[in-house]
1. In the list A:Ala72, A:Ala31, which residue meets the criterion of being among the small types (Gly, Ala, Ser), more than 30 Å from A:Leu90 (Cβ to Cβ) and not in a loop (DSSP other than H, G, I, E, B)?
2. Restricting to the stretch A:1-43, name every residue that is more than 13 Å from chain B (Cβ to nearest Cβ) and farther than 28 Å from B:Thr135 by Cβ.
3. Looking at (1) at the interface with another protein chain (Cβ under 10 Å from one of its Cβ atoms); (2) touching a Ser or Thr at 6+ places or on another chain (Cβ under 9 Å); (3) of a type in the set (Asp, Glu), which is the only condition B:Asp115 fails?
4. Need the failing condition index for A:Leu76 against (1) within 7 Å of another protein chain (Cβ to nearest Cβ); (2) buried (at least 18 other Cβ atoms within 10 Å of the Cβ); (3) without any contact (Cβ under 8 Å) to a residue 40 or more places away in the chain, just the number.
5. Out of the stretch B:123-164, which residues are more than 9 Å from chain A (Cβ to nearest Cβ) and not aliphatic (A, V, I, L, M)?
6. Taking the stretch B:97-141 on its own, how many of its residues are part of a helix (DSSP H, G or I) and among the acidic types (Asp, Glu)?
7. How many residues are within 7 Å of another protein chain (Cβ to nearest Cβ) and under 14 Å from the mean Cα position of the chain (by Cα) if we restrict to the stretch A:79-98?
8. For the stretch B:116-164, name all the residues that are closer than 20 Å to A:His29 by Cα and of a type in the set (Lys, Arg).
Amino acid sequence: MIDRRTLGWLIALVVTGLACAGLAIWLLHWAAELQLQVNHWYTSQNGSNYDEVKGAFFDRIGSNAYSMETIASPLLAGTVIAILAAITVLARRWDLRR
Amino acid sequence: MAEVDPRFDPLFQRGYDPARHRTKVPRVEERREAPPLRGEASRSVETPAEPPNRRSDTLPAERSGSIDGSIDGQTSESADDLELPRRNPYRLILLIASIACIGGAAVLFWRRVEDTPYQSSYGPDVASTFAYQFTDALMVPLLTGGLLGFCLWLVLGAVKRADD
């Protein structure tokens with residue numbers, strides 16, 4: 001039976017990992033939607049009637065999508081580290097109980 | 001009078017906690033005073049009493065050298081069984097997970113290297129674009145987490161040695 005203190009640490013790590021994963025997936029999904037809009041707009045343009053104002057706008061959107069993808073990476077790291085830390089807590093508890 | 005096999009001593013039972021289950025265990029002096037079994041008196045060995053500590057509480061066979069020789073062999077054998085360290089399964093899981101993370105990062109990196117240049121890797125819909133971006137964003141966290149897990153595995157081993 002896991003004692004309350006260890007259980008508290010494990011719950012905190014699981015909550016942290018799930019929060020990081022959820023936020024990362026939300027950001028990546030949003031970034032994918034923005035990226036698709038940018039791609040659709042660029043493929044609809046041809047050289048003669050290129051709208052520079054709209055082009056700058058979609059450039060900014062593409063840049064924001066890339067930033068979101070960059071932010072999602074450390075959030076996913078938080079999930080991976082939380083999983084490994086939970087295993088470490090269990091391993092340490094095993095050592096202390098023996 | 002038949003002597004009780006010391007292997008049935010509560011100290012040897014699984015889950016024994018000296019703080020909670022301490023029963024009256026014959027002291028070293030009492031054991032020394034116990035009469036040896038027939039024909040085995042010449043095999044009894046006197047050893048000096050060790051200072052009381054946690055390890056000697058868990059292994060009374062180590063501190064009682066005057067028990068009958070034929071039983072002594074069995075007790076030392078059971079004590080050896082108790083001494084065998086059982087592997088920590090979580091530590092093994094941590095090592096395997098760390099290696100898997102590093103391997104996964106290597107696979108994702110290789111996929112990225114093999115991507116065809118000048119061809120958009122984003123898919124035609126949100127799902128495929130999301131999948132591509134997700135695997136792209138997962139590469140560095142997997143490598144970082146794998147290395148960190150490996151370091152934690154080493155630290156756990158070092159701390160366990162320090163505990164012993």
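No value in this document is a laboratory result; all are computed from the given coordinates. Quantities reported herein were computed from a predicted structural model and do not represent experimental measurements. Cβ sites come from the backbone with ideal geometry, for glycine too, and all protein chains shown count toward neighbours.
1. Working: A:Ala72 fails: more than 30 Å from A:Leu90 (Cβ to Cβ).
Of the residues listed, the single one that is among the small types (Gly, Ala, Ser), more than 30 Å from A:Leu90 (Cβ to Cβ) and not in a loop (DSSP other than H, G, I, E, B) is A:Ala31.
2. Matches in the stretch A:1-43: A:Asp3, A:Arg4, A:Arg5, A:Leu7, A:Gly8, A:Trp9, A:Ile11, A:Ala12.
3. That leaves (1) as the condition not met.
4. Result: A:Leu76 passes all but (3).
5. Scanning the stretch B:123-164 gives B:Thr135, B:Phe150, B:Cys151, B:Gly157, B:Arg161, B:Asp164.
6. Step one: list which residues in the stretch B:97-141 are part of a helix (DSSP H, G or I), which gives B:97-113, B:126-141.
Still in the list and also among the acidic types (Asp, Glu): B:136.
Going through the stretch B:97-141 one residue at a time, the tally reaches 1.
7. Looking only at that region, the number is 2.
8. Residues of the stretch B:116-164 that are closer than 20 Å to A:His29 by Cα, as a first pass: B:120-142.
Hits for the stretch B:116-164: nothing passes.
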